[in-house]
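Colleague: Below: one structure in structure tokens.
All of the numbers you see were taken from the coordinates with simple rules; none came from a lab. Model, not experiment: these values are computed from the prediction. Glycine gets a Cβ as well: all are built from the backbone with ideal geometry, and neighbour counts include every protein chain shown.
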């Protein structure tokens with residue numbers, strides 16, 4: 001306990017799955033937590049649960065593909081708690097059909113890039129300025145093993161691979177200011193978003209190609225496992241770690 005004592009953490013996608021588990025875990029470790037997501041009712045429920053357990057939490061509804069809404073999250077975090085020490089870029093969406101390059105639609109491309117890539121850039125641009133100015137901070141980007149290995153729908157892979165390059169760039173730029181940036185690349189995770197994917201909608205050609213390069217018999221990750229890894233990277237225990245890309249998948253993609 002107390003690994004994030006008095007830290008202020010902004011967590012996107014904090015209404016369910018990995019984001020909700022991370023928010024609750026951060027609060028237990030002493031952080032003041034600001035959570036954002038599009039679904040306001042679910043977001044408030046997570047914040048209320050944290051408060052009921054004795055933690056501090058602020059829920060700010062936000063669609064991260066809207067740069068003005070991203071600014072509002074950061075502004076409200078600073079208004080409420082004075083600063084930002086940690087940013088967890090967890091919000092993201094997956095393509096329902098895991099579409100291969102010859103089949104991917106314009107809508108899928110636009111949606112995934114707007115949210116997964118541009119949204120993460122918008123949030124980080126707003127928060128990193130505060131961190132660099134005070135010469136302290138940790139940014140954790142939740143990418144995906146798809147962005148690391150290429151196994152997934154092409155637009156999703158592109159959107160998550162961009163986070164890997166972004167992580168290295170930000171780490172390089174901010175190292176001298178004592179601001180760290182790392183990325184986690186989870187494999188399959190047992191979350192509501194993953195559970196909502198229907199087998200009949202999945203591109204059989206892409207699924208067949210992916211099956212040749214991964215051991216699908218190994219366990220999927222739990223949100224708790226990913227949240228624990230996020231906590232470590234966000235904490236001072238990882239003070240010497242920056243610019244690193246860490247796969248968390250039980251070895252399925254080795």
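Colleague: What is the spin-label model distance, in nm, from residue 169 to residue 75 if the labels are put 7 Å beyond Cα along the C-beta direction?
Modeller: Spacing of the two 7 Å Cα→Cβ label points: 2.6 nm.
Colleague: What distance in nm separates the two pseudo spin-label positions at residue 133 and residue 111, each 7 Å out from Cα along the beta-carbon direction?
Modeller: In this crude spin-label approximation the distance works out to 3.7 nm.
Colleague: Using a ≥ b ≥ c from the Cα gyration tensor of region 35-81 (square roots of the eigenvalues), is it rounded, prolate or oblate, where a/c under 1.5 gives rounded and otherwise the larger of a/b and b/c decides, a/b for prolate? Write out the running numbers ahead of the final one.
Modeller: Details: a/c = 4.22, a/b = 1.49, b/c = 2.84.
Oblate shape, in that a/c is at least 1.5 and b/c is the bigger or equal ratio.
Colleague: Test of understanding: extend the Cα→C-beta vector of residue 103 to 7 Å, then name every residue of region 139-168 with backbone N under 13 Å from that spot.
Modeller: 152-155
Colleague: Taking other Cβ within 10 Å of each residue's Cβ, how do 149, 12, 111 sort, fewest first?
Modeller: Values: 149 20, 12 25, 111 16.
Ascending Cβ contact count within 10 Å gives the list 111, 149, 12.
Colleague: What is the order of 123, 1, 166, fewest Cβ neighbours within 10 Å to most? All intermediate terms of the calculation are to be shown ahead of the outcome.
Modeller: Details: 123 27, 1 7, 166 20.
So the ranking, lowest neighbour count to highest, is 1, 166, 123.
Colleague: Another question, if that's okay. Taking neighbour Cβ counts within 10 Å as the exposure measure, how do 160, 133, 51 sort from fewest upward? Please list the in-between numbers first.
Modeller: Working: 160 26, 133 12, 51 15.
The fewest-first ordering by Cβ neighbours comes to 133, 51, 160.
Colleague: Further question on the same structure: Any chance you could run the full-extension gain for residue 246 through residue 228? It's 0.36 nm times the residue separation minus the Cα-Cα distance, nm to one decimal. The partial results should precede the final answer.
Modeller: On the way: separation 18, 0.36 × 18 = 6.48 nm, distance 1.29 nm.
Stretched fully, the residue 246-residue 228 segment lengthens by 5.2 nm.
Colleague: Give me the distance in nm between label points sitting 7 Å out from Cα along the Cα-to-Cβ direction at residue 254 and residue 96, one decimal.
Modeller: Inter-label distance under the simple model: 3.7 nm.
Colleague: Which of the peptides 90-96, 21-27, 170-176 is most tightly packed, and how do the rest follow, judged by the mean count of other Cβ atoms within 10 Å per residue?
Modeller: On the way: 90-96: 21.9, 21-27: 25.4, 170-176: 15.6.
Going by the mean number of other Cβ atoms within 10 Å, highest first, we get 21-27, 90-96, 170-176.
Colleague: I need the calculated FRET efficiency for the pair residue 56 and residue 215, taking r as the beta carbon distance and R₀ as 41 Å, to the nearest 0.05. Numbers along the way, then the final one.
Modeller: Numbers: r = 42 Å, r/R0 = 1.01.
Between residue 56 and residue 215 the formula returns 0.50.
Colleague: When the chain is fully extended, how far beyond the present Cα-Cα distance does residue 178 get from residue 66, taking 0.36 nm per residue of separation? Mind dumping the intermediate values first?
Modeller: Numbers: separation 112, 0.36 × 112 = 40.32 nm, distance 2.84 nm.
Separation in residues times 0.36 nm, less the Cα-Cα distance, equals 37.5 nm.
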